[in-house]
Amino acid sequence: MPSHAPVRITAPDGATVAYRRRGEGPAMLIHNGLLSTELHWRYWVQHFRRRFSVITWDYRGHGASPRPADLATVGITGYADDAHAVLGAVPDLARPAIVCGLSMGVQTALEHYRRHPGDMRALVLICGTWGHPLGRVSSSEKLRRALIAAVRMGARGGALFQAALWPFLRTPLGRELSYLAGGAHRRDCPKDLLDELFAHIAKMDPGVMTAAVSSYLDHTAEEVLETIRVPTLIIAGGKDQLTPPSLSRTMQRRIAGSVLHVIEGHTHLAQVEVPERIHAVADEFLARLG
């Protein structure tokens, strides 16, 4: 993706958030995945900038958005408010927007709808769920709380925490685990994309990282699903083991009038494995919006 200098805005609480605008036309706002940047949207932006003003932005402490003074503001609720602030700050950009989320970005997009429904013209939810990602493994509240506490405790170790992550972020081990966990397709997922993702995470502040992961594990927007009143497209990877198609089918049943497409044979990163197929599905949906 060609480099574009980020524009930085000041959020209502004083934190700095960076965004990029590409293209002209109706507004399209992007919500990134966990600990990620616009990296996974590289093909999407190239495709849709021909017809839309595509707004990508970095969560607090990610990419070009610096670490905030208050780490309590790092998390899905804060991200939803930052997205609203970004939409309001882009010059000559009329709301409502087509709001798109990938992976954890589905949770942030749903939270964005809950808190600022007037921002939404339509939703595009890709390879994600409404919340509590451990729910399909165990419904135990104690287990979730224990895991969140362990994540936060790890961050207090600072250098030791980063050293523990080093084998996963600086060697092929992280990439191999992504393949084994169904998070990426060994043949179709660009190797450099995973390497760039892990390099980005390796540079992150441990406090930001653990605050983001804790929020991800603790957040749910389940009660939002039945309230959605905008056209909604849901896309799932048929071999996605992180957020399997069964979760997307549940969302489709609970969001009135929503449309579901399952990309068979592909994983959690179907968007970069077979971008043409994803774009074709989204193009058909967006064409119906007029």
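Every number in this text was worked out from the coordinates using simple rules, so none of it is lab data. Since the structure is predicted, the reported quantities are computational estimates derived from the model, not experimental observations. We place every Cβ from the backbone using ideal geometry, glycine too, and count neighbours over all the protein chains shown.
If you take the beta carbon distance between residue 196 and residue 46 as r and set R0 to 22 Å, what does 1/(1 + (r/R0)^6) give as a FRET efficiency, to the nearest 0.05?
Taking R0 as 22 Å, the efficiency between residue 196 and residue 46 is 0.85.
Using the Cα centre of region 201-290 as origin and beta-carbon charges of +1 (Lys, Arg) and -1 (Asp, Glu), tell me which of 214, 272, 238 is placed farthest towards the positive end of the dipole.
Of 214, 272, 238, it is 238.
Taking only the alpha-carbon atoms of region 1-127, what semi-axes of the equivalent ellipsoid follow from 5 times the gyration tensor eigenvalues under a square root, in whole Å, largest first?
After diagonalising the Cα gyration tensor, the semi-axes are 20, 16, 15 Å.
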